[in-house]
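The values are calculated or read from the model by the stated rules, or taken from the named source; none is laboratory data. Note that this is a predicted model, so its numbers are computed, not measured. Glycine gets a Cβ as well: all are built from the backbone with ideal geometry, and neighbour counts include every protein chain shown. We work out accessible area using only protein heavy atoms, side chains counted, and drop any ligands, DNA or RNA first. Shrake-Rupley method; radii C 1.70, N 1.55, O 1.52, S 1.80 Å.
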Amino acid sequence: MMASVAAQGPVIEVAGAGIRFKRNRRARRSFKDLFAGRKRRSRPDEFWALRDVDFTVMAGEAIGVVGRNGQGKSTLLKLVAEVILPDEGTVGVHGGVAPLIEITGGFVDDLTVRDNVFLTAGLHGMSRAEIEERFDEIIDFAEIGDFLDTPYKHLSSGMRVRIAFAVVTRLEEPILLVDEVLAVGDKAFREKCYRRIEELLEGGRTLFFVSHNERDLKRFCTRGLYLDKGKLVMDAPIAEVLQRYNADYNA
């Protein structure tokens, strides 16, 4: 099945991508620079979070992104999610994304759980009819049926993750972006979420997964991208990438 999915072609194409920030805020880029595609010189108060990053992801692949904190992993995920634009190079995403990034973002504190499900799923492109069809499934997965009319702000952090994960993983988008979102929550629910991710992979979804957990990376991913100081230093099978990363980290 995976061979036929991969035959569909690339779903993510990143070529010479770079993004620059000021020390205290995002660096500004002129329209002239943006449309000319020209590289920009760094100023003393700026730094490149990512630079000269090149890779292609085929449909159905499961990619793990590794690296120490502050090396550009989450920034890369946001580029793929098209939350931010590159300052140089290109990022092409062919198909919609289901973003498990800052997972509880977009939920409104004063609205009830019920209202937030409709709001968030709607913002991700689901019609009201689709939400109503999947509503019970979402609530059952989140195990939060007793709190449907509770304001979101009164939920625990673990309950917030449950409902957000349940909503986002019911989207029909072909690409799943995951960024350490399951660090909160009990062990039993994490395992439930992991089984859900495996189901999505078996169904041909593409996974782009940022994590520090070696066991999770090996469980889900077949290929790894190793970022160091904003550069892509290795693109190889996940076991080889983790071996190199561990060797560098313990050197």
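Quick notes on this structure:
- Matching residues, segment 149-158, being within 24 Å of Glu180 (Cα to Cα) and open to solvent by 40 Å² or more (accessible area, probe 1.4 Å): Lys153, His154, Ser156, Ser157
- Qualifying residues in segment 208-251 (those that are among the acidic types (Asp, Glu) and part of a strand (DSSP E or B)) - the one least open to solvent (accessible area, probe 1.4 Å): Asp228
- Count of residues meeting criterion [modelled with pLDDT of 85 or more, over 22 Å from Ser211 (Cα atoms) and not acidic (Asp, Glu)] in segment 97-116: 7
- Those residues of segment 191-207 which are in a helix (DSSP H, G or I) and over 11 Å from Val178 (Cα atoms), in sequence order: Glu191, Lys192, Cys193, Tyr194, Arg195, Arg196, Glu198, Glu199, Leu200, Leu201, Glu202
- Some residue of segment 182-191 being touching a Leu at 6+ places or on another chain (Cβ under 6 Å) and open to solvent by 40 Å² or more (accessible area, probe 1.4 Å): yes
- For Arg26: the one exception among (1) modelled with pLDDT under 90; (2) charged (D, E, K, R); (3) buried (at least 22 other Cβ atoms within 10 Å of the Cβ): (3)
- Counting the residues of segment 45-101 that are in a strand (DSSP E or B), under 17 Å from Phe21 (Cα atoms) and in contact with a Ser or Thr (Cβ under 8 Å, 6 or more places away or on another chain) gives 3.
- Residue in segment 70-90 that is crowded, with 17+ Cβ neighbours inside 10 Å, of a type in the set (A, V, I, L, M) and touching a helix residue (DSSP H, G or I) at 6+ places or on another chain (Cβ under 6 Å) present: no
- Residue that is surrounded by the most Cβ atoms within 10 Å (Cβ to Cβ), among those in segment 109-148 that are of a type in the set (A, V, I, L, M, F, W, C) and in contact with a Pro (Cβ under 9 Å, 6 or more places away or on another chain): Val113
- Residue satisfying condition, being without any contact (Cβ under 8 Å) to a residue 40 or more places away in the chain and more than 17 Å from Phe189 (Cα to Cα), within set Thr150, Thr112: Thr150
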